[in-house]
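Taking it in order: structure first as structure tokens, then the write-up.
Please treat every number below as a calculation from the coordinates, not as lab data. Owing to the predicted nature of the structure, the values given are computational and were not obtained by experimental measurement. In this analysis, Cβ positions are derived from the backbone assuming ideal geometry, glycine residues included, and neighbour counts consider all displayed protein chains.
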Amino acid sequence: MFGFPFPYHNELLYSVIARYRVHQGIISPKELPDEIYNDRKVVATVDLPNHVNKISSFYPKCEAKSSIGLIYSHTLFPLYAPFIDEQRRKKCIKFMQQKAKSSIHLTLGVAASRIKQPRWLRYCPACLLEQKNEYGEYYWLRNFQVLWCR
């Protein structure tokens, strides 16, 4: 896909897709998933997205932009991986690579957890200024979805 942005260091895939929407001037909430996935029913997922193979296909072939590289560098999956066995870890990666809807959240137990997911994306105002100065735009860091300001 022409013009799909490269992820910044530790940027969420969700943020990369949001930047694409801004760059392309897409206003309709249905147009974005249709353009990226050829499916208007795809639901945006901040922490553990699926269809990562599709996103990976937009980049030149290199290890850092492979679907597994994207999963480990641009999602929250590395936070869950140490706490699950190898078989389930591989299963979860397959769910994230393909069209699996909420299977990843069920497999990891996130759907049944008593720990509530945040309702908003977290950010650091000082870091936003740094991002704007360095890159000319803002993006969501995955670190801040788990930690708070440095």
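Computed from the coordinates I sent, volume of the Cα convex hull per residue in Å³ equals one of (1) 112; (2) 96; (3) 128. Tell me the label.
Looking at volume of the Cα convex hull per residue in Å³ for this model, the match is (3).
Just need the relative contact order of the chain here, percent rounded to a whole number, with Cα pairs under 8 Å and 6+ apart. Walk me through the intermediate numbers first.
Details: 152 pairs, mean separation 37.7, N = 150.
After rounding, I find 25 percent.
Using the Karplus equation 6.51 cos²θ - 1.76 cosθ + 1.60 (θ = phi - 60°), what ³J(HN,Hα) coupling, rounded to whole Hz, does each residue of the range 123-138 give in order, writing x for Gly and Pro?
Values per residue, Gly and Pro as x: 8, 10, x, 5, 5, 4, 5, 4, 4, 4, 5, 7, 10, x, 7, 9 Hz.
Work out the FRET efficiency for Tyr138 and Tyr37 from their Cβ-Cβ distance, taking R0 = 22 Å, and round it to the nearest 0.05. Walk me through the numbers before you get to the answer.
Numbers: r = 24 Å, r/R0 = 1.09.
About 0.35, to the nearest 0.05.
Taking θ = phi - 60°, what integer Hz values does the Karplus form 6.51 cos²θ - 1.76 cosθ + 1.60 yield along the range 12-26, in sequence order, with x for Gly and Pro?
5, 4, 3, 5, 4, 5, 5, 5, 4, 4, 5, 4, 8, x, 7
Using the Cα centre of the chain as the reference point, and only Cβ charges (+1 on K/R, -1 on D/E), how large is the resulting charge dipole? Debye, rounded to the nearest 20. Write out the running numbers ahead of the final one.
Values: 22 positive and 12 negative charges, 111 e Å.
Dipole of the chain, to the nearest 20 debye: 540 debye.
On a C-alpha basis, how far is the centre of the range 82-105 from the centre of the range 9-55 in Å? Whole number, if you could?
Their Cα centres are 20 Å away from one another.
Per DSSP H run of at least 4 residues, take -39500 (n - 2.57); add these up for the chain, divide by its residues and hand me the 222 nm value, nearest 500 deg cm²/dmol.
Values: 8 runs with 65 residues, N = 150.
Computed ellipticity for the chain at 222 nm equals -11500 deg cm²/dmol.
Say each of Gln98 and Lys61 gets a label point 7 Å from the Cα, pointing the same way as Cα to Cβ; how far apart are those two points in nm?
Distance between the two pseudo-spin positions: 2.2 nm.
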